[in-house]
Each structure stands twice: as structure tokens, then as C-alpha cells.
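K.L.:
One structure coming up, written as C-alpha cells, with questions to follow.
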Amino acid sequence: SSDLAFAFESCRTRPLLQINWLSTGTILRFAVVAIVERLLLSEQSSGATGLLSHAGLLNDQYHTLYLFVILGMVAGTTAMGLTLSPKAIPFQCIVALLAIALASWMDAGSNGLTRPSNMYVSQMLLGFGTTLFVGPALLYGVILVLKSDTSHFISTIYVFAITQSVGSVTGAALLGSIQYYYERYAMVGFASRLSETASSSLVSSSIGVSSISNTLSDQAAVMGYLNVFGFVSVFALAAAALIVLIMLCNHFLTLSNRRLS
């Protein structure tokens, strides 16, 4: 159905979606960066909240944590407003990625006894990175419209909305899969070590076996979440490095064009 819709739009004299423009390299890079950053921001909903929920915490115990997230978002909005300019957009995205990487690295030091008070700073950094990215990303899309044609505005909004939706769903699925994989991996390792060291008296006790099994299952789940945090931290650093590399390539390309001219 989507293929038919795109084909129909491309045949219209005044299409709402500029299909040819959406397939340009600039728009594709914009979409990839937006998807990656939204994917990384899933750490807050799929990682930190999942770890705390696994520890048995209820929604009523998250109020103060969410207050710190809001404070981080306010700080990110303020920083975005004070530094917002076309030239500052890449740097704002880099800072947002670095904030996400630092927050995830801090969360990677969690354990089964971690509570919301231990995540105030990290989740505030994630809130800061969220608002610091969304505004500049949308502004970048508007700048692309102004440089090309105002009729591309709807297409830009469409791309931005799709990237946020796809990034959110993909992020939750990817991080959930990583958590499950490393949880199973840790559980296998714990079980193999237990079988080598368990005494015959402990094995003969069904209560002891059940208690240890539950403990190992909880610890394996925690290990899964810690690996999610580590993955997000490394991925965010890699994305920031990629943006820096693209900026350097564009800079050297501009210098070479000036010399040739």
C-alpha cells in the first residue's frame, strides 16, 4: 500500500510528498541521524525503567526521578535556545550524544540494589540530551526546506515524524532483544558455575535449589540491563564520532573546492 501511495504521489502535478527530494543524500543522512538518536533515547524507557521495574518498584516511586528528568529537559531546552543557530546544530547533536553516552555509562554501574535515587543524575542527562537534540534536528529540516523549496515542508515534517516513530519502536525492540540475549547468556554461565560448585546437601534440598535459581535469574536479568547500558554508551560515542567525521569531510571538501576555484 505504501508503494502505491508513493507511486501515486510521484505522478501528481503538485504532490504533498516530494519523493525525489526525500531520496537525496542529505535527507537520508538527516533521517539516519534522527533514527539513531531516537533509538538511543529508548534507554530511558526500555533500560532504566525496566531495571527499576524488575526490582519491584511501582510507578508511585518514580515521581522524584521524573522530576529530575523534567529538570534535565528544561536545562536542555534552555541550552538549545541560547545556542541555537544553523552552524551550531551539529555541535548540539554531538553534545546530546555525549550526554546520552555519559548517562548510559553511569547506569552501567548499577546493580540489583539500584533505586531511583541512584539514577537522578544519569536520567537528568538523558532528559537534557533529548531536548537538546529534538529542536536542532527539526530546525535542520526547516533549513533544508528554506534552501530548496517551501513546498517540501510537509515532506520534512513527514520524515521527522517517521524517524521518531521508527526510532522509538526499533530502539525498544533492539534494546529489549539485547537485554534478553545477555540475560540468557548470563543465566547459562551462572548455571554452569553452580553445577560445578554446589554441594550435595544443597542439591538435595528443593527449597535451596529454588531459592538460588530465583536469585540467579534476578542477577542474570540485571546483567542483561547493564549490557544494554553499555551498548547504548558505545553506540552514542560512535554516532558522535561519525558526525565529527562528516563535519571534517565537509570542511576539507569545502576547502578543496575553494582552492580549485
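K.L.:
Determine whether LEU39 is crowded, with 19+ Cβ neighbours inside 10 Å and touching a residue at least 24 places away in the same chain (Cβ under 8 Å).
P.N.:
yes
K.L.:
With respect to PRO136, determine if the residue is modelled with pLDDT under 90 and either of a type in the set (Phe, Trp, Tyr) or under 21 Å from the mean Cα position of the chain (by Cα) (or both).
P.N.:
yes
K.L.:
Given the criteria under 27 Å from LEU226 (Cα atoms) and either without any contact (Cβ under 8 Å) to a residue 60 or more places away in the chain or surrounded by fewer than 22 Cβ atoms within 10 Å (Cβ to Cβ) (or both), does MET124 qualify?
P.N.:
Considered against the rule, which asks whether it is under 27 Å from LEU226 (Cα atoms) and either without any contact (Cβ under 8 Å) to a residue 60 or more places away in the chain or surrounded by fewer than 22 Cβ atoms within 10 Å (Cβ to Cβ) (or both), MET124 comes out as yes.
K.L.:
Can you run down the residue pairs with Cβ atoms below 8 Å, 6 or more apart or on separate chains, where the first is in segment 216-242 and within 30 Å of ARG193 (Cα to Cα) and of a type in the set (S, T, N, Q) and the partner is assigned to a helix (DSSP H, G or I) and at pLDDT below 90?
P.N.:
Taking only residues 6 or more apart or on different chains, the pairs are SER217/MET187; GLN219/ALA186; GLN219/PHE190.
K.L.:
Just to check your reading of the model, which residue among ILE94, ILE35 is of a type in the set (A, V, I, L, M), modelled with pLDDT of 80 or more and touching a Gly at 6+ places or on another chain (Cβ under 6 Å)?
P.N.:
Selected residue: ILE35, the only one of ILE94, ILE35 that is of a type in the set (A, V, I, L, M), modelled with pLDDT of 80 or more and touching a Gly at 6+ places or on another chain (Cβ under 6 Å).
K.L.:
Just checking, which of LEU242, LEU226 is among the aliphatic types (A, V, I, L, M), assigned to a helix (DSSP H, G or I), at pLDDT 90 or above and closer than 22 Å to ALA103 by Cβ?
P.N.:
Being among the aliphatic types (A, V, I, L, M), assigned to a helix (DSSP H, G or I), at pLDDT 90 or above and closer than 22 Å to ALA103 by Cβ holds for just one of LEU242, LEU226, which is LEU226.
K.L.:
Could you pull out the residue among THR49, THR131, THR78, THR114 that is at pLDDT 90 or above and hydroxyl-bearing (Ser, Thr, Tyr)?
P.N.:
THR78 is the lone residue from the list that is at pLDDT 90 or above and hydroxyl-bearing (Ser, Thr, Tyr).
K.L.:
Condition check: surrounded by 14 or more Cβ atoms within 10 Å (Cβ to Cβ), in contact (Cβ under 8 Å) with a residue 24 or more places away in the chain and not in a helix (DSSP H, G or I). Does LEU57 satisfy that?
P.N.:
yes
K.L.:
Would you mind stating whether ILE100 is assigned to a helix (DSSP H, G or I) and over 18 Å from TYR225 (Cβ atoms)?
P.N.:
Here the answer is no, as ILE100 does not meet what is asked.
K.L.:
Among the residues of segment 79-94, are any among the polar types (S, T, N, Q) and over 23 Å from LEU237 (Cα atoms)?
P.N.:
yes
K.L.:
For segment 153-206, which residues satisfy the criterion of being farther than 30 Å from ILE143 by Cβ, polar (S, T, N, Q), surrounded by fewer than 16 Cβ atoms within 10 Å (Cβ to Cβ) and at pLDDT 75 or above?
P.N.:
SER177, SER192
K.L.:
Now for a separate question. Going through segment 28-44 one residue at a time, which ones are within 14 Å of GLY129 (Cβ to Cβ) and small (Gly, Ala, Ser)?
P.N.:
Within segment 28-44, ALA34, SER42 qualify.
The values are calculated or read from the model by the stated rules, or taken from the named source; none is laboratory data. Everything numeric in this text was worked out from a predicted model, so none of it was measured. All Cβ positions, glycine included, derive from the backbone under ideal geometry; neighbour counts span all protein chains shown.
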